[in-house]
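Nothing in this text is a laboratory measurement; each read-out follows from the coordinates by a stated rule. What you see is a predicted model, and the numbers here were worked out from it, not measured in a lab. Cβ sites come from the backbone with ideal geometry, for glycine too, and all protein chains shown count toward neighbours.
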Amino acid sequence: MIVKLLGTGDSPGTPILNCHCVTCEDARKRKRERKRFSILVKNGDATILIDTSPDLRRQLLDNSIEKVDAVIWTHSHFDHISGFGEFYRVQGNVIAYTTPSIHESVGKFMQFMEYRKREVEVFQDFSIHGIKFTLFPVNHPPVDAVGVKIEWNGFKIVISGDTNVEIGEKSLEEMENADLLIINAIAPSGKFRKHMNAREAMTLAERLKAKKVVLSHLGHFYPPHRIAVKNFPLGEDGQTFYFGEGKLDEYFGD
Ligand SMILES: [Zn+2]
Ligand SMILES: [Zn+2]
Ligand SMILES: [Zn+2]
């Protein structure tokens, strides 16, 4: 099974269209942008996306993904759902999984497009092509949001979703002892109502005893990637984790 970071940016992505800060200029110059948040989970023929970013068309083309079986939405914000429209007139039958309340708010956005809806409750596992998933509530006011736990062949991968650090105890239990924790950290420091900063994320990851931690949903508040990555385990677009034969391997780049 592979888990690939298709986009590690926050809602505007990096570079931001009209921003000329050092980080945005560096991303332009090196052509190393952070696209919006989507994660690919692939096992054999099964292709599953966690969130459908506004950059989805480019992400699918760049990764030669021609068919998607299922989508899991973590919440209804634009940067996590709006790429779903890329399936219009290209591919039907994509099953979209999330909680009833998140489906309700995504449905308002998706009025132009019917989709196959599968409602799942938090803390109740479900299986897609033999991979076990569990959604757990996180804290991303004012909207309902969930994180995703993935279990396959003895491995546990946890994706925090967009959240601040005030996560309920029951959800924290779901997040414990992950082989890989992909956790949101929009900035190196500072207080954010909807998100964690990198220090909060790293402290939480340590408490959760994650074996490997990758920060994602990253804003331009960090220094340019090659500098910031010396201090924090920042994810990058195209970073891929291979799970097999009882061990985890990692590759960088598209
Ligand atoms: Zn987001
Ligand atoms: Zn900027
Ligand atoms: Zn959000």
(request) Please determine, by comparing only the residues of region 105-129 that are farther than 27 Å from ILE157 by Cα and assigned to a helix (DSSP H, G or I), which one is farthest from the chain's Cα centre (by Cα). (result) LYS108
(message) Could you list, ordered by first residue, the pairs with Cβ atoms under 8 Å in which the first is in region 14-28 and closer than 16 Å to ALA228 by Cβ and the second is more than 16 Å from ligand 3 (Cβ to nearest atom) and among the aliphatic types (A, V, I, L, M), at least 6 apart or interchain?
(response) THR14/ALA27; PRO15/ALA27; CYS24/ILE16
(request) Given the conditions (1) within 15 Å of the chain's Cα centre (by Cα); (2) in contact (Cβ under 8 Å) with a residue 40 or more places away in the chain, report the number of the one that GLU174 does not fulfil. (result) (1)
(message) With the requirement that a residue be surrounded by fewer than 22 Cβ atoms within 10 Å (Cβ to Cβ) and β-branched (Val, Ile, Thr), what does region 125-159 give you?
(response) ILE128, ILE131, THR134, VAL143
(request) Identify all residues within region 71-124 that are without any contact (Cβ under 8 Å) to a residue 40 or more places away in the chain and within 16 Å of ligand 1 (Cβ to nearest atom); write none if there are none. (result) VAL71, TRP73, ILE81, SER82, PHE84, SER105, VAL106, PHE109
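Within region 15-60, restricting attention to residues that are in a strand (DSSP E or B) and either within 16 Å of ligand 3 (Cβ to nearest atom) or of a type in the set (Phe, Trp, Tyr) (or both), which residue is farthest from SER127 (Cα to Cα)?
ARG34
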(request) For region 144-197, name all the residues that are part of a helix (DSSP H, G or I), in contact with a strand residue (DSSP E or B) (Cβ under 6 Å, 6 or more places away or on another chain) and of a type in the set (D, E, K, R). (result) GLU174
(request) Being in contact with a Leu (Cβ under 7 Å, 6 or more places away or on another chain) and either in a strand (DSSP E or B) or more than 16 Å from ligand 3 (Cβ to nearest atom) (or both) is the filter here, so list the residues in region 198-210 that pass it. (result) ALA198, ALA205, LEU208, ALA210
(request) Identify the residue in region 222-238 that is without any contact (Cβ under 8 Å) to a residue 60 or more places away in the chain and part of a loop (DSSP other than H, G, I, E, B) and, among all such residues, is surrounded by the most Cβ atoms within 10 Å (Cβ to Cβ). (result) PHE232
(message) Against the condition more than 16 Å from ligand 3 (Cβ to nearest atom), touching a residue at least 24 places away in the same chain (Cβ under 8 Å) and β-branched (Val, Ile, Thr), how does ILE186 come out, does it pass?
(response) no
(request) Determine whether region 37-49 contains at least one residue that is crowded, with 21+ Cβ neighbours inside 10 Å, in contact (Cβ under 8 Å) with a residue 40 or more places away in the chain, more than 26 Å from LYS156 (Cβ to Cβ) and of a type in the set (Ser, Thr, Tyr). (result) no
